[in-house]
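The values are calculated or read from the model by the stated rules, or taken from the named source; none is laboratory data. Small disclaimer: the values here were computed from a predicted structure and weren't measured. With ideal geometry, Cβ positions are generated from the backbone for all residues, glycine too; neighbour counts draw on all protein chains shown. Calculation scope for accessible area: heavy atoms of the full protein, side chains included, ligands and nucleic acids excluded. Shrake-Rupley method; radii C 1.70, N 1.55, O 1.52, S 1.80 Å.
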Amino acid sequence: MANIAASAYCVVLAVLVMCAQGHGGQEGRKYYKRIGSNVTLQCETSDSHTPVVWRFGGHVIGHKEDQLLQGTNLTLRNIKTAQSGTYSCHEKHSGKLKNQITIQVGNPPVSPTILCRSNAYPETFYCTWQLSSPTYIPTEFDISVRHGEKEIETTMDPNHKNRCNIRFLEMFSTSKYTVTVTAKNALGSNSSSISFNENTIVKPDPPEIIEVNTIPDSPRKLEVKWRNPLTWPEPDSIPLKYFLRYKPVILDDWQHVEVTDVPFHTITDAYMGKEHIIQVAAKDSEVGTWSEWSKAVHATPWTQLMPTNEPEKKPNNVSEPFHSTTPSVRAIGPGNSSVRMESSATLFLSIIVILFICARPRICSH
């Protein structure tokens with residue numbers, strides 16, 4: 001009975017070994033290789049003298065300075081990221097696939113650069129990290145945050161890559177926070193840490209300029225209004241102060257003014273008739289650093305409209321009056337009817353007198 005069990009165990013073990021060999025040889029394996037290294041791929045044929053063909057991306061690989069064919073093996077020298085992909089080995093005559101290997105070419109990670117900032121003080125802060133050089137292969141990050149000796153829970157930000165959110169454990173704490181980020185991939189790992197007091201990382205997001213108004217009859221004034229960043233949680237209990245800057249577009253030098261308590265300011269020394277650029281920044285009134293500048297807004301002070309000396313133009317559908325040297329119709333209109341009657345009466349009397357004279361025989365015969 002023991003011999004039967006031992007025999008069955010050997011059969012099962014042999015099948016498992018054969019399956020493992022088949023998985024590694026036929027379905028292929030995946031390797032991560034460092035940029036600049038040399039890699040030798042083995043075809044794993046039963047006969048090292050059998051002619052084989054290596055393919056990459058569907059194309060046959062030829063013998064080159066950086067691609068050496070030695071028997072059934074392929075050696076890639078000084079490998080580059082462009083050589084990442086799947087390599088396959090085939091029997092030359094039958095075309096039968098003998099092995100398939102996938103290579104990902106990259107680098108181990110360098111020490112991450114970490115930045116922590118609170119734009120929602122005193123509720124939360126966030127930390128971001130990045131690598132100064134790419135790895136070209138999948139790289140994961142582990143984040144650890146401690147407040148004094150206590151480990152703090154972190155939440156990955158769903159909207160930002162390589163960023164996590166952390167809640168302040170207590171307000172105005174004197175204990176330092178320590179953040180450690182470890183980057184790791186198939187070729188290696190690296191880590192870095194930073195420590196800070198909470199008041200040193202306070203930095204609001206930029207305010208938003210919502211309105212710039214001109215002031216009538218004031219060619220050197222502009223009224224600017226802005227609102228607090230939406231991420232700042234308690235503007236009443238944790239107030240901000242502001243820094244306004246402005247300049248004409250045609251000049252390089254900025255004018256600056258600090259504003260406290262109120263989110264508006266009237267510029268009184270603007271350049272008359274010139275377009276201006278205006279921006280504003282914010283800062284916690286007691287701790288932290290200034291925000292970045294807000295988006296620039298352009299505005300021009302009130303300008304008086306100058307009257308023009310050009311004659312008034314008449315509409316195109318109105319004709320100019322026609323000046324004629326002949327009498328107008330009004331010159332013989334109804335207002336002059338008495339003149340016509342006197343002329344007619346005089347003419348009639350003249351005719352009667354002439355006829356009377358001619359009717360007398362003596363005068364006419366004479």
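Brief remarks follow.
- Matching residues, the stretch 137-162, being touching a residue at least 40 places away in the same chain (Cβ under 8 Å), surrounded by fewer than 16 Cβ atoms within 10 Å (Cβ to Cβ) and not in a strand (DSSP E or B): P138
- Of all residues in the stretch 163-202, those satisfying the criterion of being part of a loop (DSSP other than H, G, I, E, B) and either surrounded by fewer than 16 Cβ atoms within 10 Å (Cβ to Cβ) or modelled with pLDDT of 95 or more (or both) are L169, E170, M171, F172, S173, T174, S175, K176, A186, L187, N197, I201.
- Number of the condition not met by L69 [criteria: (1) closer than 28 Å to V53 by Cβ; (2) open to solvent by 40 Å² or more (accessible area, probe 1.4 Å); (3) not in a strand (DSSP E or B)]: (3)
- Residue list for the stretch 242-272, filter: open to solvent by less than 60 Å² (accessible area, probe 1.4 Å), in a loop (DSSP other than H, G, I, E, B) and aliphatic (A, V, I, L, M): V262, A270
- Number of the condition not met by L74 [criteria: (1) part of a strand (DSSP E or B); (2) in contact with a strand residue (DSSP E or B) (Cβ under 6 Å, 6 or more places away or on another chain); (3) crowded, with 19+ Cβ neighbours inside 10 Å; (4) in contact (Cβ under 8 Å) with a residue 40 or more places away in the chain]: (4)
- Whether a residue is in contact with a Ser or Thr (Cβ under 7 Å, 6 or more places away or on another chain), in contact (Cβ under 8 Å) with a residue 12 or more places away in the chain and farther than 30 Å from M156 by Cβ was assessed, and L97 passes this test.
- Filter result (farther than 30 Å from T178 by Cβ and in contact with a Lys or Arg (Cβ under 9 Å, 6 or more places away or on another chain)) within the stretch 188-232: P207, E208, I209, I210, E211, V212, N213, T214, I215
- Residue match in the stretch 35-48 (condition: open to solvent by 90 Å² or more (accessible area, probe 1.4 Å) and modelled with pLDDT of 95 or more): yes
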